[in-house]
1. Using θ = phi - 60° and the Karplus form 6.51 cos²θ - 1.76 cosθ + 1.60, what ³J(HN,Hα) does each residue of region 81-98 get, whole Hz, x for Gly and Pro?
2. From the backbone phi of region 189-198, what are the Karplus-calculated ³J(HN,Hα) couplings (6.51 cos²θ - 1.76 cosθ + 1.60, θ = phi - 60°) in whole Hz, Gly and Pro given as x?
3. In region 47-147, which GluC sites (Glu not before Pro) fall in coil by DSSP and have 15 or fewer other Cβ atoms within 10 Å?
4. Once each part is reduced to its C-alpha centroid, what is the distance from region 127-178 to region 50-96 in angstrom?
5. Size of the dipole of the chain about the Cα centre, Lys and Arg at +1 and Asp and Glu at -1 on the beta carbon, nothing else charged, in debye to 20?
6. Please list, ordered by chain and number, the residues whose modelled amide H lies under 5 Å from the amide H of Ser207; skip anything fewer than 5 residues away on the same chain.
7. Can you give the % of DSSP beta bridges in the chain that are antiparallel, to the nearest 5?
8. Among the DSSP beta bridges whose two residues both lie in region 45-173, what percent are antiparallel, rounded to the nearest 5?
Amino acid sequence: MGVDAETSKAQLRARIRYERAARAATAPESRGVEAEPSVAESAWALVESLWPDLDLNGRSMLAYAALAGEPDMDPVVDRFLAHGGTVYLPVVTTVGQPLMFGAVTESMATLEPRGKWGIREPSPALSAVDLLAEVAPDIMFVPALGFGPEGARLGNGGGFYDRTFGPHGEVPMEREDRMGWVFGVCFSTELGLPGLAVEAWDLQITSAVTDHGVHSFD
């Protein structure tokens, strides 16, 4: 990737983080933040469309714990658990290494911030290889700062999801036939970001859940 492209990404990240921080400042009681209607409502409507009877026993979900300003998935996690499902969250163990994963055993409110970035995490228990082999999540929600017009994902810059699920990652998503439904998560205003292209190592996602429902990248 050229210097200009890296500069463009850095500028986009700075702009979106500023906008998210401003939005979060209006709702200081919330860890994440939601527009109206909320991203969480869209995500839960998606769950209901996949399993209308909401019998989630034997179903599993990979989600994330929102930082301030990010779309808040806590209500989705808590409801999925309440209906009998199992939820796993990513865990950062070492910078530069793939993610590990741990199960949420109680409500999201019981998790405490940990590590360098103060992310709420369970105890790490499974590598990505083990997660896919032993759990094979039925649905996965991957956070993003936004997406380009063709679905290029703008992450936070750490490369953790690329190292885990990207084409050259620990468990390449494009070659893994045990993946369930996979959705990016962002606000609707963060779709169609200019200047983003999918690089050879990037995790590419075909659909995103936003406050305006599910958006497919055609």
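The values are calculated or read from the model by the stated rules, or taken from the named source; none is laboratory data. None of these values were measured; they are calculated from a predicted model. FYI the Cβ positions are ideal-geometry reconstructions off the backbone, even for glycines, and counts take in every protein chain you see. Note: accessible area is taken over every heavy atom of the protein model, side chains too, but ligands, DNA and RNA are not part of it. Shrake-Rupley method; radii C 1.70, N 1.55, O 1.52, S 1.80 Å.
1. Result, rounded to whole Hz: 5, 4, 8, x, x, 10, 10, 10, 10, x, 10, 8, 9, 9, 4, x, 10, x.
2. Those phi angles translate into 6, 9, 8, x, 5, x, x, 9, 9, 6 Hz.
3. Values: sites: Glu48, Glu106, Glu134; in loops: Glu106.
Here the sparse-neighbourhood loop sites are Glu106.
4. Value for the Cα centre distance between the two parts: 15 Å.
5. Details: 16 positive and 31 negative charges, 132 e Å.
Result for the chain is approximately 640 debye, rounded to the nearest 20.
6. Gly184, Phe217
7. Details: 15 of 28 bridges.
Expressed as a percentage, antiparallel bridges in the chain total about 55.
8. Working: 11 of 16 bridges.
Counting DSSP beta bridges with both partners in region 45-173, the antiparallel share is about 70 percent.
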